[in-house]
Structures are given as C-alpha cells and as structure tokens.
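Structure first, commentary second.
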Amino acid sequence: MFQILGFLLLSPFTIVSLVMLAHRQRAAGWTFLLSSLIGYLLVLFPESSTAMAKALGVGRGLDLLFFILSVMTMTAIAVLYLKLNSQRNRLIEMARILSLLEARLAETDPRPERGQSSAGERLND
Amino acid sequence: MRKTKKGELFRSTLIVVPAFNEEPRVGAVVLAIVAHGFDVVVIDDGSTDNTSGEARSAGARVVSHPFNLGQGASLRTGFDYAELGEWTYVVSFDADGQHDLSNAIAMLDKAATGNYDVVLGSRFLQGARSNAPMTRSLVLRVATKAINVIFRSRFTDVNNGLRVFRVDAIKKMSLSQNRMAHASEMLSEIKKRNLSWTDMPTDITYSSVTLDKGEKTISGSVKILWEVLMRP
C-alpha cells in the first residue's frame, strides 16, 4: 500500500522531468528525473535511506531526505533568482531602447502630440 | 578668444540629468544649465509626477523610461543618447540641485585642457565643501578604500555623481549595472580600459529631501555590494 502511494506521489515528477527534457531544458529535466528515480528506489527499499544516512554520518534516513530536500529547494531558489534577474535586465534593455527611439522620433517628427507624452508618461497616466 | 573657445566647449557638451520624481527641483536645475549654453537631456526614470513636463518647459530634451529602471540604467540611456549625437563631452549631473554647475564647468575645462578621458568629482579632496552627515561620509570613505584595494587604484570618491566623460571614452566602456552599483562599475571600467583620468574637488549641498531620497547609508552599501557581486 505504502509503495503504491509512493509511486503515485513520484509519478508527476517523472512526467514533469520528461516534459522538460522534451523541451530541451536539460539541466532541470535531468535533475528532476534523477531525483524521482532516487525516490522510486527509496520507496522500493526504504531501509536503504537509513543505510545511506548512516554511511554519511547523518543518522536517520528521514534526516538525510530532509537535508537533500533543503539543498534542492535552495538551489531552485538560486536558479530562479538568476533567471528572474536575467529577464529583468533584458526588460530594462528593451525599455531603454524604446525610450531612446521614442525620444529621437519626437525630435524628428513635427507632430506636436509626439513631443508631449511618451510611453512612460502614458503608462503613468 | 578665450570666451569663444569656452562657448565651443559648452556647445560640444551634453549634460545628462537622471531624474526620478524631481518635479519641484528639475526645472531650476535645467534652467541654470541651459543659461550657460549647454545642451541638456533629462532622463525621466519612470517618474509619477510631472518631471518630464517641467524639464521640457525649462528647455531640456527629455527621454522617458516607461517605468523606474534605476540610476545606472538612466545614465546609460543618457550616454547612449550622447553617442547618437555629435557631442564631444558628457557630464553627469544630479537633478536635485546638490551639484554646483561651476564645478562641472571647471571639470570640463580640465578635461579639455588636460586631454583627459574622464574627470571625476570628489567630496574628499582639499577644497571640497560638503554638508554630508558624518555616517554617510564615513561609509563613503570606507567604500572608497575598499574599492581602491579591489581595483588597485587611487580614486578619492567612489560615489560622486558629478563626472565628465569624453564621448569616445564612453564608447570604450562596457556598462551594465542598472542601479546604484553603476558608480563602482564605472571606476572598474576606467581602470580596465586604461582611460586617462583625474579628479577635482566638488561641493555637494545635501537638502533634507536629497537625504530622504538617497540610499540609506548602511542598507544602500549592502545593496551595492550585492549588485557588484551579482554582476553578470
């Protein structure tokens, strides 16, 4: 019963990892796949986690799982932060280019409404 | 003759003024700059007040960011704008009235006569007057020492917003910092690209508004350090 529940809980991770690999997100895909495979092994051989934990000097198998999960969560947060930062920088570059183009256009286009408001001003209205 | 040369120098200079919610102050700053015959571009960094309108009415060209991108990003937009024109020098000048235009003119003169790529303003050289609070002065001095150790340089003020650049020198620099760490990045680029530079004493007048708007000293320094470390 416990093993069926374990497999059911792990199967979404496997599916997500396969979808990621299909979308060429190799690093994340392989990490998820390997994690879920380790999970299946632990479900099939629960005593192995305790053996591994003892070998690593952690104590109980549950503690080892907790440490692994903590490291994985922190890694995921760091990766997300870097991705968000990179996307924010791209957005800033786009916004700067747009502003420069708009300013140059306003200087060369005689239509009065051009020089009176910009995308930024309209956004803030 | 001297006056004509000065006029030519002023006409070949673009003053870049990054501004965020500076409606009450930017007009006076721009008027003073324009009165000297300079071209001035105000980079409105997503202000929610009428900063753009005030700057335009006072005679500035205006580039408006669609939302707040940061002071570093604003300066980069100003530098890009300068590269699109035919100016020889660019001066970065704050919108809140804390800088003295006569200092900028003296720095510009030094850049032209001494053929320097960059002239940096300094609050810590002899002759400079500043009403900076003690904590801010102390943190800035420590930051200056730290930067000099890291870059093996001899800068005297790492975070002074008043700077003169030759446009050709800007083209050689690779700037990417969008927020406050841009100041350290500029110094790093000056060193890395082997640009000729000097510094001059400059006066800074902080008002209560300036101090309130500025980065909080300690948290600001931590933020700058974080941005420097996370530099791509």
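Structure notes:
- Relative contact order [Cα under 8 Å, 6+ residues apart], the range A:1-44, whole percent: 46
- Semi-axis lengths, Å, the protein assembly as shown, gyration tensor of Cα atoms, sqrt of 5 times eigenvalues: 51, 25, 18
- Average beta-carbon neighbours from other chains, 10 Å sphere, peptide A:85-97: 4
- Between the amide H of residue B:155 and any residue lying 5 or more places away or on another chain, no distance stays under 5 Å, with hydrogens modeled in the peptide plane.
- Over all other residues within a Cβ to Cβ distance under 9 Å of residue B:140, the charged ones net out to +2, with Lys and Arg as +1 and Asp and Glu as -1.
- Once the convex hull of all Cα atoms in the range B:110-162 is built, its volume per residue stands at 95 Å³.
- Evaluating kT/(6 pi eta Rh) at 37 °C and 0.692 mPa s, with the Kirkwood radius of the range B:2-54 over Cα pairs in the Stokes-Einstein relation, gives 278 µm² s⁻¹.
- Relative contact order of chain B, taken over Cα pairs closer than 8 Å and 6 or more residues apart, is 22 percent.
- Exercise: per-residue mean of other protein chain Cβ atoms within 10 Å, B:47-57: 2
- Close lysine pairs were tallied over chain B: pairs 8 or more places apart or on different chains with Cα atoms under 23 Å apart number 17.
- Convex hull of alpha carbon positions in the range B:90-135: directionally averaged projected area 4.1 nm².
- Ellipticity estimate at 222 nm from DSSP helix runs (n ≥ 4, -39,500 (n - 2.57)) divided over the protein assembly as shown, nearest 500: -20000 deg cm²/dmol
- Relative to the Cα centre, the charge distribution of the protein assembly as shown, modelled as +1 at Lys and Arg Cβ and -1 at Asp and Glu Cβ, gives a dipole magnitude of about 1140 debye.
- Cβ crowding within 10 Å averaged over residues, with B:118-127, B:150-159 ranked highest first: B:118-127, B:150-159
- Local electrostatic count at residue B:75 - Lys and Arg +1, Asp and Glu -1, tallied over other residues with Cβ under 12 Å: 0
- The H on the amide N of residue B:62, modeled in the peptide plane, is under 5 Å from the matching H of B:42, each at least 5 residues off or on a different chain.
- Sorted largest first, extent of chain B alpha carbons per principal axis (Å): 43, 41, 35
- Based on the Kirkwood approach, the hydrodynamic radius assigned to chain A is 19.1 Å, with every pair of different Cα atoms included.
- Percent of alpha-carbon pairs separated by more than 22 Å within the range B:15-110: 19
- Evaluated at q = 0.16, 0.31, 0.33 Å⁻¹, the base-10 log of the normalised Debye intensity for the range A:1-44, with identical point scatterers placed on the Cα atoms, takes the values -0.39, -0.98, -1.05.
- Kirkwood Rh, angstrom, the range B:77-211 [1 / mean 1/r, Cα pairs]: 15.3
Any read-out appearing in this document is the output of simple, stated calculations on the displayed coordinates, not a laboratory observation. As the structure is a computational prediction, the values presented were derived from the model and not from experiment. Positions of Cβ are backbone-derived with ideal geometry, glycine not excepted, and every protein chain shown enters the neighbour counts.
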